[in-house]
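Scroll down for the structure; my scribbles are underneath it.
The values are calculated or read from the model by the stated rules, or taken from the named source; none is laboratory data. Everything numeric here is computed off the predicted structure, so don't read it as measured data. In this analysis, Cβ positions are derived from the backbone assuming ideal geometry, glycine residues included, and neighbour counts consider all displayed protein chains. Calculation scope for accessible area: heavy atoms of the full protein, side chains included, ligands and nucleic acids excluded. Shrake-Rupley method; radii C 1.70, N 1.55, O 1.52, S 1.80 Å.
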Amino acid sequence: MTTTITETYGVDPTPTPLALLLLGREADPNSERGVECPGDLPAASDPDLVARARAAKEALGERVFILGHHYQRDEVIEFADVTGDSFKLARDAAARPEAEYIVFCGVHFMAESADILTGDAQQVVLPDLAAGCSMADMATAEQVAECWDVLADAGIADVTVPVSYMNSSADIKAFTGKHGGTICTSSNAQRALEWAFEQGQKVLFLPDQHLGRNTAVRELGLSLDDCVLYNPHKPGGGLTAEQLRNAKMILWRGHCSVHGRFSLDSVNDVRERVPGVTVLVHPECKHEVVAAADMVGSTEYIIKALDAAEPGSKWAIGTELNLVRRLAKAHPDKEIVFLDRAVCFCSTMNRIDLPHLVWALESLVEGRVPNVIRVDPETEKYAKAALDRMLALP
C-alpha cells in the first residue's frame with residue numbers, strides 16, 4: 001500500500017495561489033496593481049532570451065535607459081545601464097532627459113520616484129506591475145492620515161515632523177511633503193533626523209520601524225524608551241496620549257520582510273560557523289541584530305566595505321541574497337557568506353525576470369509602451385517637495 005506525501009507529512013504539495021504568486025506564475029487581481037502582459041510573455045526556457053534582450057535594447061538605442069536595483073537577478077542586471085539603490089537609480093534616470101523610456105528593474109515605489117524626478121516627456125516602465133514592496137504597502141495614505149489625527153488629538157501634531165523612508169509609496173511621500181517633512185535613505189537617515197529635530201520636537205518615522213529606531217539610538221544617542229511603536233491596526237495606534245507626548249520618535253509598525261528575518265541567533269550561529277568573521281548588516285535589520293553586528297550600513301556602504309576589505313577576510317552579510325551572491329562572486333579572494341542559513345530573496349523584486357524584461361523591451365520596439373508608472377500631478381507636487389528637502393540637506 002502506498003501513502004501520499006499529504007498522509008505521511010500532513011502537508012498538501014499542491015501549490016497554493018500565494019506560492020504561485022511569489023513565484024511569478026499567477027496573478028491576484030484583488031491585491032495586485034495588475035500583471036497583464038498583452039501578447040505572449042516569453043518562456044523562461046527560451047534559449048534565445050539573451051539574444052532577444054540584446055537585439056531589442058540595441059534597436060531602441062538611446063531611447064531607452066535600463067535601471068537595475070542591487071537586489072535584482074543577475075540575468076536582469078546584465079542588461080542594466082546603471083545599478084544602484086532606489087534613490088541613486090531615480091536620480092540617474094533624472095540625469096538622462098534624452099531617454100524616452102526608463103525601464104526600471106526594481107519595485108513599484110522606485111518607479112514612482114523615478115516618474116516624480118524625470119521629465120514629463122519621459123515614460124517610466126515597470127516590467128511587472130506586481131513587483132511591489134511589502135514594507136511600502138504597510139503604510140497607506142488613509143492609515144497615515146488617521147495617525148496624524150491621533151497626534152492632533154494628543155496635542156502634538158504641530159511639533160511633530162514626518163520623515164519617510166525612500167521605501168514608501170508616492171502617497172506617503174506626498175503626505176510627508178504636505179506636512180513639512182522630508183524623505184531619507186538608509187545612507188542619510190541620520191542627517192534627515194537631525195534636520196527634523198531642528199524643525200520640531202518629535203519625529204513620525206514611516207514606514208520602517210527598524211531604520212528609524214536604529215538611527216535614533218545608534219546615531220542620535222536617543223534611548224529605546226524615547227521610541228514608541230504606532231500600530232495602524234489598533235485604535236489610537238495602540239498608544240495612549242501620554243505615551244505619544246512623552247516620545248521623541250514615533251515609529252510606524254512596518255518592516256522589510258527580507259531584513260526583518262535576520263535574528264540574534266543568526267549572528268551567534270555564523271560566528272560559531274565562521275571563526276573570525278565580520279558581521280555586516282543593513283540598518284533595516286532588527287535592533288538586537290544591529291547591536292550584535294560589527295558593522296552596519298546601507299547597500300552602497302556594504303558594497304564599498306567589501307571592495308575595500310583585505311584579501312582573505314571573512315564576512316557574513318545581512319541583506320538580500322541576490323546581492324550577497326553577486327558580492328561573493330566579485331570577491332573570490334574573500335570569504336563572503338549569507339548571514340542566515342535559510343535562503344531569503346526579495347520575492348517581489350524577483351518577479352522581474354528576463355522574460356518580463358524581454359517582453360517590455362520588445363513591446364517598446366513594436367511601438368507599445370507597457371506598464372507605465374504615472375504619479376498624478378497633486379501627489380507629485382508634494383512628494384517632490386519632500387524629496388527636494390532631502391536633496392537640500394547638507
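For the stretch 267-282, the set of residues classified as open to solvent by 10 Å² or more (accessible area, probe 1.4 Å) and either within 18 Å of GLU320 (Cα to Cα) or among the charged types (D, E, K, R) (or both) consists of ASP269, ARG271, GLU272, ARG273, THR278, listed by residue number.
Within the stretch 196-219, can you find the residues that are under 27 Å from CYS133 (Cα atoms), open to solvent by 20 Å² or more (accessible area, probe 1.4 Å) and touching a strand residue (DSSP E or B) at 6+ places or on another chain (Cβ under 8 Å)? GLN209, ARG213, VAL217, ARG218 - these are the residues of the stretch 196-219 that are under 27 Å from CYS133 (Cα atoms), open to solvent by 20 Å² or more (accessible area, probe 1.4 Å) and touching a strand residue (DSSP E or B) at 6+ places or on another chain (Cβ under 8 Å). In the stretch 368-393, the residues that are on the phi > 0 side of the Ramachandran plot form Cβ pairs under 8 Å with partners that are among the β-branched types (Val, Ile, Thr) and open to solvent by less than 30 Å² (accessible area, probe 1.4 Å), at six or more places apart or across chains, as follows: ASN371/VAL125. Scan the stretch 80-109 residue by residue and report those that are within 30 Å of SER45 (Cβ to Cβ) and open to solvent by 10 Å² or more (accessible area, probe 1.4 Å). Those that are within 30 Å of SER45 (Cβ to Cβ) and open to solvent by 10 Å² or more (accessible area, probe 1.4 Å): ALA80, ASP81, VAL82, THR83, TYR101, HIS108. The residues of the stretch 220-267 that are over 25 Å from MET166 (Cα atoms) and either in contact (Cβ under 8 Å) with a residue 12 or more places away in the chain or touching a strand residue (DSSP E or B) at 6+ places or on another chain (Cβ under 9 Å) (or both), listed by number, are GLY236, GLY238, LEU239, ALA241, GLN243, ARG245, ASN246, LEU264, SER266, VAL267. Which one is modelled with the lowest pLDDT, of the residues in the stretch 171-191 that are surrounded by 24 or more Cβ atoms within 10 Å (Cβ to Cβ) and over 19 Å from LYS381 (Cα atoms)? Per the criteria, the residue is SER186.
The number of residues in the stretch 83-100 being in contact with a strand residue (DSSP E or B) (Cβ under 6 Å, 6 or more places away or on another chain), among the hydrophobic types (A, V, I, L, M, F, W, C) and over 14 Å from ASP120 (Cα atoms) comes to 1. Return the residue satisfying two criteria in turn: it lies in the stretch 335-359 and is within 16 Å of VAL270 (Cα to Cα), in contact with a Ser or Thr (Cβ under 8 Å, 6 or more places away or on another chain) and open to solvent by 20 Å² or more (accessible area, probe 1.4 Å), and of such residues it is modelled with the lowest pLDDT. Once the filter is applied, the top-ranked residue is ARG341.
Residues of the stretch 134-149 that are closer than 16 Å to GLU112 by Cα and of a type in the set (S, T, N, Q): SER134, THR140.
Residues in the stretch 310-322 that are under 20 Å from GLY84 (Cβ atoms) and either in contact with a Lys or Arg (Cβ under 9 Å, 6 or more places away or on another chain) or open to solvent by 20 Å² or more (accessible area, probe 1.4 Å) (or both): ASN322 alone. So, of the residues in the stretch 338-379 that are in a loop (DSSP other than H, G, I, E, B) and among the acidic types (Asp, Glu), which turns out to be nearest to VAL124 (Cα to Cα)? Only one residue tops the list, namely ASP376. Among the residues of the stretch 175-200, those identified as more than 15 Å from the chain's Cα centre (by Cα) and outside any helix (DSSP H, G or I) are HIS179, GLY180, GLY181, THR182, ASN188, GLY200.
Every residue, every condition in (1) within 17 Å of the chain's Cα centre (by Cα); (2) open to solvent by 10 Å² or more (accessible area, probe 1.4 Å); (3) acidic (Asp, Glu); (4) modelled with pLDDT of 95 or more, yes or no:
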{"position": "ALA121", "(1), (2), (3), (4)": "no, yes, no, no"}
{"position": "LEU129", "(1), (2), (3), (4)": "yes, yes, no, no"}
{"position": "SER134", "(1), (2), (3), (4)": "yes, yes, no, no"}
{"position": "GLN143", "(1), (2), (3), (4)": "no, yes, no, yes"}
{"position": "TRP148", "(1), (2), (3), (4)": "no, yes, no, yes"}
{"position": "ALA157", "(1), (2), (3), (4)": "no, yes, no, yes"}
{"position": "PRO162", "(1), (2), (3), (4)": "no, no, no, yes"}
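Selection of the stretch 375-394 for residues being out of contact with any helix residue (DSSP H, G or I) (no Cβ under 6 Å at 6 or more places or on another chain) and surrounded by fewer than 16 Cβ atoms within 10 Å (Cβ to Cβ) yields ASP376, PRO377, GLU378, LYS381, ASP388, LEU391, ALA392, PRO394.
Candidates are the residues of the stretch 325-334 that are in a loop (DSSP other than H, G, I, E, B) and open to solvent by less than 30 Å² (accessible area, probe 1.4 Å); the one that is nearest to ASP85 (Cα to Cα) is HIS331.
Kindly check whether there is at least one residue in the stretch 335-343 that is of a type in the set (Phe, Trp, Tyr) and over 18 Å from SER263 (Cβ atoms). Checked against the condition, which is being of a type in the set (Phe, Trp, Tyr) and over 18 Å from SER263 (Cβ atoms), the stretch 335-343 yields no hits at all. A Cβ distance below 9 Å, combined with a sequence gap of six or more or placement on separate chains, defines the contacts here; from the stretch 307-322, residues that are outside any strand (DSSP E or B) reach residues that are surrounded by 24 or more Cβ atoms within 10 Å (Cβ to Cβ) and among the polar types (S, T, N, Q) in the pairs ASN322/GLN72.
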